[in-house]
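Participant: Dropping a structure here in structure tokens format, bear with me for questions.
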Amino acid sequence: QVQLVESGGGLVQAGGSLRLSCTASGSSFIINAMGWYRQAPGKQRELVATITSSTNYADSVKGRFTISRDNAKNTVYLQMNSLKPEDTGVYYCNAELTRGVTGLLSHYWGQGTQVTVSS
């Protein structure tokens, strides 16, 4: 009943920028927190950034990435600057929700968007 859809991934040269978007759709939920995770080829999924009333970043992206949220649109963004080849991977959106149907806490994942940084 709740779906997250990511967009904005693509191929970019080192030093370039990309902006990822993730929109939650559905009804009967309240978003408590949203975040971005990534998974490089052959590696485990790792946290990139989260946002609640404050923001949190992985050390590897501090100073380069910025997470923000538009509550009216149920959308979270990830502005990625000064991209490096090490940033290559599939980026996943995550949302922590309180569902109106049950009142229980739930987590949802998007299907991911590919980010490839060359050179």
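Participant: Spin-label point model (7 Å from Cα, Cβ direction): what's the Asn71 to Glu96 distance in nm?
Facilitator: 1.7 nm
Participant: List every residue whose amide H lies under 5 Å from the amide H of Gly16, counting only residues 5 or more places away in sequence or on a different chain, with H placed 1.01 Å from N in the peptide plane.
Facilitator: It is Leu83, by chain and number.
Participant: Using label points projected 7 Å from each Cα along Cα→Cβ, tell me how many nm separate Ala58 and Gln114, to one decimal.
Facilitator: My value for the distance between the label points is 1.9 nm.
Participant: Another question, if that's okay. Can you list residues from other chains, or at least 5 along the same chain, whose modelled amide H is less than 5 Å from the amide H of Gly112?
Facilitator: Glu6, Cys93
Participant: Same structure, new question: How long, wide and thick is segment 21-64, going by the Cα atoms along their three principal axes, in whole angstroms, largest first?
Facilitator: Each principal axis gives a Cα extent; for segment 21-64 these are 36, 25, 16 Å.
Participant: Compare the peptides 32-40, 111-119, 17-25 by average per-residue count of other Cβ atoms within 10 angstrom and give them in order, highest first.
Facilitator: Peptide ranking by packing, descending: 32-40, 17-25, 111-119.
Participant: Keeping all protein chains in place, calculate the accessible area per residue for the chain (probe 1.4 angstrom), answer in Å².
Facilitator: 54 Å²
Participant: Along segment 71-78, what does the Karplus equation 6.51 cos²θ - 1.76 cosθ + 1.60 (θ = phi - 60°) give for ³J(HN,Hα), rounded to whole Hz, x for Gly and Pro?
Facilitator: Residue by residue, segment 71-78 yields 5, 5, 9, 6, 10, 10, 10, 9 Hz.
The values are calculated or read from the model by the stated rules, or taken from the named source; none is laboratory data. What you see is a predicted model, and the numbers here were worked out from it, not measured in a lab. Every residue, glycine among them, receives a Cβ derived from its backbone with ideal geometry; neighbour counts consider all protein chains shown. The protein model used for the area step is the full one, side chains on, heavy atoms only, and it has no ligands, DNA or RNA in it. Shrake-Rupley method; radii C 1.70, N 1.55, O 1.52, S 1.80 Å.
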